[in-house]
Amino acid sequence: MRLLLALFSVCWWLLGVAQQPSLLERAGQEVSRVVERTLPAIVTVEARFGGRLVRSSGFVIDSAGFVVCAAEGVRAQPQVSLYLSEGEPVRARVVGVDNITGIALLRSEVSVRLPALSWGDSERLPLGSTLILIGNRSGLEGSVTVGTLGGKDRVGVRRDNQRVVLLLQFNGTVGSGEQGAPLLDSQGRVVGVMVGELASVEGAPVSPVAVVGFAVPSEIAQRVVNDLRTKGRAEHAWLGIDYQGLPNGVIVRRVAPNSPAQQAGIQVGDLVVQYNDKPIRTASDLTRELYFAQPNQRITLTVLREGQQVRLTVTLGVQSL
């Protein structure tokens with residue numbers, strides 16, 4: 001009898017182990033839960049440009065009806081249409097557009113309470129973290145892509161206006177129409193906003209449809225959205241140089257006429273090695289500092305010029321388009 005009981009207990013334990021979901025199954029269940037919870041806040045943005053309908057992606061960031069989307073999808077349009085996860089399309093007005101990051105803010109003209117997403121912290125995400133992209137891929141609304149965080153502080157150049165933007169690298173397939181879509185962490189929080197077409201990233205050309213996508217980090221996107229909501233515009237600091245990363249610093253390739261850099265005495269060929277006494281080793285180091293600076297802020301740059309260190313005080317200006 002004892003032997004039978006022991007055998008029964010072992011069989012029961014083995015049956016329980018066999019019925020437990022695998023690691024991949026549990027991961028899939030978590031992703032499904034995030035998608036189910038966040039999908040109602042994902043929208044498709046539709047605007048008409050010269051008789052042509054253009055669709056892009058967006059998401060509700062406030063239950064009062066504020067929607068974050070891509071500048072390319074709404075530029076120069078006072079009103080656009082929003083396709084929610086359920087129901088008829090609704091009209092929305094353009095609150096503001098930031099042509100530097102490519103982020104725009106809309107507000108629904110229909111007074112309905114909408115589900116909203118919350119901001120996450122992309123700074124705390126470790127490389128390799130699971131990320132979820134939900135957007136309008138090639139007209140297919142609510143398309144879901146699962147990938148990983150492949151890199152931070154990538155330096156990209158926007159194709160439409162050649163402005164530099166700091167980016168997250170999403171290792172997952174990205175298609176047309178997904179600019180403005182939210183990049184979500186494993187808790188369903190927005191850690192990035194997918195950008196439109198880029199001319200290059202880190203100097204390499206970028207295909208419009210690729211297996212790697214890029215997004216504006218939430219720390220920058222959230223600040224831009226708050227500025228658009230409160231002021232109707234976002235202001236970014238301007239130094240006025242073109243630069244390139246080298247193994248030992250960042251070299252100045254061009255100085256814009258009448259720029260803060262020119263007024264401070266920065267010269268072509270200077271090697272920037274410090275920003276407010278912080279080491280500058282890569283182009284992304286300098287880009288990051290400038291993105292988190294404020295217009296009219298006084299900063300100190302240390303450059304190497306003909307083998308000598310030169311400290312220069314610069315009063316940053318305001319980027320404009």
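Modelled spin labels at residue 318 and residue 246, positioned 7 Å past Cα toward Cβ, are 3.5 nm from each other. Farthest toward the positive end of the dipole of the chain, out of 264, 199, 40, is the Cα of 264, where the dipole comes from beta carbon charges about the Cα centre. A 1.4 Å probe, protein heavy atoms only, puts the accessible area of residue 138 near 80 Å².
Ranking 55, 93 from most to least accessible surface, computed with a 1.4 Å probe over the protein chains only, gives 93, 55. From helices alone, the chain scores -6000 deg cm²/dmol at 222 nm; the rule is -39500 (n - 2.57) for each run of n ≥ 4 DSSP H residues, then divide by the residue total. Here the convex hull built on the C-alpha positions of the range 251-321 has a volume of 92 cubic angstrom per residue. For the range 246-321, a crude dipole built from +1 on the beta carbon of Lys and Arg and -1 on the beta carbon of Asp and Glu, taken about the Cα centre, is about 60 debye to the nearest 20.
Rolling a 1.4 Å probe over the protein heavy atoms gives the chain an accessible area of 50 Å² per residue. For residue 117, the amide hydrogen comes within under 5 Å of the amide hydrogens of 60, 61, 62, counting only partners 5 or more places away or on other chains and with H modelled in the peptide plane. What number comes out for the charge environment of residue 179, summing +1 per Lys or Arg and -1 per Asp or Glu over other residues with Cβ under 10 Å away? Here the charged neighbours net out to -3.
Considering the range 123-248 at the alpha-carbon level, its Rg and Dmax are found to be 14.7, 46 Å. In the range 44-136, the portion of solvent-accessible area held by carbon and sulfur atoms comes to 48 percent [1.4 Å probe, whole percent, DNA, RNA and ligands not counted]. Computed over the chain, the percent of Cα pairs more than 26 Å apart is 52. For the set 46, 235, 197, solvent exposure ranked by accessible area (probe 1.4 Å, protein chains only) runs largest to smallest as 197, 235, 46.
Summary value for the chain: 13 percent relative contact order, contacts being C-alpha pairs under 8 angstrom separated by 6+ residues. Fully extending the segment from residue 93 to residue 110, taken as 0.36 nm per residue of separation minus the present Cα-Cα distance, adds 5.1 nm. The charge dipole of the chain, taken about its Cα centre with unit charges on the Cβ atoms of Lys, Arg (+1), Asp and Glu (-1) only, comes to about 240 debye. Positive contributions from Lys and Arg (+1) and negative ones from Asp and Glu (-1), summed over other residues with Cβ under 14 Å from the Cβ of residue 86, come out at -2. Only protein heavy atoms count here; on that basis, with a 1.4 Å probe, residue 178 has an accessible area of about 0 Å². Computed from Cα atoms, the angle from the helix 23-38 axis to the main principal axis of the chain rounds to 70 degrees. Amide H contacts of residue 163 (H built 1.01 Å from N, in plane; Pro and chain starts excluded): 158 sit under 5 Å, all sequence-distant by 5 or more or on other chains. Spin-label model, residue 36 to residue 267: label points 7 Å out along the Cα-to-beta-carbon direction sit 6.6 nm apart. Across all Cα pairs in the range 143-211, the calculated P(r) in 5 Å bins from zero up to the longest distance comes to 4, 15, 29, 29, 15, 6, 1 percent per bin. Could you tally the net charge around residue 77, taking each other residue with its Cβ under 14 Å from the Cβ of residue 77, Lys/Arg +1 and Asp/Glu -1? Taking every Cβ under 14 Å from that of residue 77, the sum is +4.
The values are calculated or read from the model by the stated rules, or taken from the named source; none is laboratory data. Quantities reported herein were computed from a predicted structural model and do not represent experimental measurements. Counting neighbours? That spans all protein chains shown, and the Cβs are built from the backbone with ideal geometry, glycine included. The protein model used for the area step is the full one, side chains on, heavy atoms only, and it has no ligands, DNA or RNA in it. Shrake-Rupley method; radii C 1.70, N 1.55, O 1.52, S 1.80 Å.
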